[in-house]
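Readers should treat all values here as calculations from the given coordinates under stated rules, not as data from a laboratory. The structure displayed is predicted, hence computed values, not measured ones. Cβ atoms come from the backbone with ideal geometry, glycine included; neighbour counts cover every protein chain shown.
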Amino acid sequence: MEKWRRTSQHLLRYSSGNYLRLGKYPNFNDPIPNSSSGFIRICEKCSSTKIRPSIEHQKNVQICLNSLRGYIGNFQLSIHRNVDNQSYKMQHRNFGSTTKLIQRNPSFATVSAEDIKHFKEILGEKSVIEDEDRLSIANVDWMNKYKGSSKLLLQPRSSDEVSRILKYCNSRRLAVVPQGGNTGLVGGSVPVFDEVIINLGSMNSIISFDEVSGILVCEAGCILENLDSFLANKGFIMPLDLGAKGSCQIGGNVSTNAGGLRFVRYGSLHGNILGLEAVLANGTVLDMLSTLCKDNTGYDLKQLFIGSEGSLGIVTKVSILTPPKLSSTNLAFLACNDYISCQKLLLEAKRKLGEVLSAFEFLDNQSMDMVLTHLEGVRNPIPPSEYNFYVLIETTGSDESYDREKLEAFLLSSMEGGLISDGVVAQDMNQASSFWRIREGITEAVMKAGAVYKYDLSLPVEKMYQIVEEMRLRLGPAAKVLGYGHLGDANLHLNISTSQYDDNVFAQIEPFVYEWTSGNRGSISAEHGLGLMKANEIHYSKSSETVQLMASIKKLFDSNGILNPYKVLPQSLLP
């Protein structure tokens, strides 16, 4: 027998039977009947009775989480080509109307008919793409924010072909841009000018999988979701989960050190990647494809390629440690009155949920309002009150009863401690998906609202929301300032929404946002990378000595600077 457990105003309610119940999903505003399937609700106002009834022990229902990934609306980029001086004038419509002038490196050659003939000898006719329609897709990032003018797309099928391509390009000083699923957010995977595009999508084989250790070896062009599906049949999962997993490729994930929703549980790719193979600009193939969890022989060179965005070499194969797929998943959508409560809730979650905590996301009421206003079919699962903050907590474990008890104890304790004001726990796939739809749909909603200035920041947890509040004071009624992101790993997505792009608004945002982040020892790019967008802003997060050393490493690995030029580092430091 389990009992209703409550304090004077905090109550965790269950009902008997196979389902945890409260309300009738999906109409959150219906009266609460005594017997209807739905989700468990946690609310300090949910009962005023002083009776302590008992109920039968019930079996929790495993929640199948099937996150809905919001469709990302399109950004705009105005591009002007100056044929005489080969300049690239960008107008970042998601950041403002200031322009940045980038000069094409005059030392780079342009593609000739002889070059194309040579590539066809290496790859064959079908893998050398000159078709304008196919190039128009490859030249533009998935948000229509950046657009290049490459005349050539190459599709190698092996590391040897990548090696031969790069060796030739390096001898000719033909600049190249590596491309995977082209799902990046900072312009790192598309040409700036006429760079040759090397797309690795045809290198999509799984080489091996060890069902004892969970070590997967595959080619760089494997799509993340396909790898996850392959592993699911083996009882394992990928240690990262992204909204773009249906199209992003593991080579691109490694090259950008992708984060995502599972970061709080499984950590960075710097820890999960055991080895990789990469091809340098001169065609040298570096075989670092170790499958060992421990290898302390010399410098760990693979780490240089993780997060280097293709600027040091092209990743062609990956060895990755994958965790077992666990059977019990729970998802709670909670409300908090203030950001301090969110911080304390995170600390309590780490302490009391410990090994089963797999995600801890947050959003503020401005983000919730944006989603409810601009996305059809989305509802606040805990109406009618509006709270200042909302938190999604996911747990994943192997013992259903144990995991449920841990979550129940944590939620009750958090209610009694005043950290949670209200909340619901999903009971099926649809409910879990609807919760994730709110969090993942923010970007789409903001894009539908008008102009948006977006920043991806890493800050100490206690200071994360301060910049949101300061930005609101700074901008006043001229803009709506939203704060949301991965609270579990201190990653803030700062979005500033206005009806249209305005130079005065932009001048209030930058460089303030970078200066504030730097002043609080944060990073101007938590998980999106630097790419073209932030290459010249790296000094806000790294010292001049560090940046200079990075430039020296770049020159050592790529003396002619042909690999993904104009990205990651300031152009003034490179050849």
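Taking Lys and Arg as +1 and Asp and Glu as -1, the other residues whose beta-carbon sits under 12 Å from that of Ala479 total +2.
In terms of overall dimensions, the C-alpha atoms belonging to region 328-442 reach 39, 30, 19 Å along their principal axes, ordered largest to smallest. The relative contact order of region 206-321 comes to 31 percent, based on Cα pairs under 8 Å that sit 6 or more residues apart. Once the convex hull of all Cα atoms in region 436-556 is built, its volume per residue stands at 124 Å³.
When the charge dipole of region 328-442 is built from unit charges on Cβ atoms (+1 for Lys and Arg, -1 for Asp and Glu) and taken about the Cα centre, the candidate among Ser433, Ser398, Cys336 whose Cα reaches farthest toward its positive end is Cys336. Between region 240-255 and region 512-565, the alpha-carbon centres lie 22 Å apart. Taking Cβ atoms as reference points and 11 Å as the exclusive limit, the residues near Leu530 contribute a net charge of 0, counting Lys and Arg as +1 and Asp and Glu as -1. From the alpha carbon centroid of region 187-218 to that of region 311-362 is 25 Å. A Förster radius of 41 Å combined with the Cβ-Cβ distance from Ile116 to Ala507 puts the calculated FRET efficiency at roughly 0.35. Dividing the convex hull volume of the alpha carbon atoms of region 206-321 by its residue count gives 99 Å³ per residue. In this rough spin-label picture, where each label sits 7 Å from Cα along the Cβ direction, the Tyr299-Ile207 distance is 2.2 nm.
A Cβ-based charge dipole, computed about the Cα centre of region 328-442 with Lys and Arg at +1 and Asp and Glu at -1, lands at about 160 debye.
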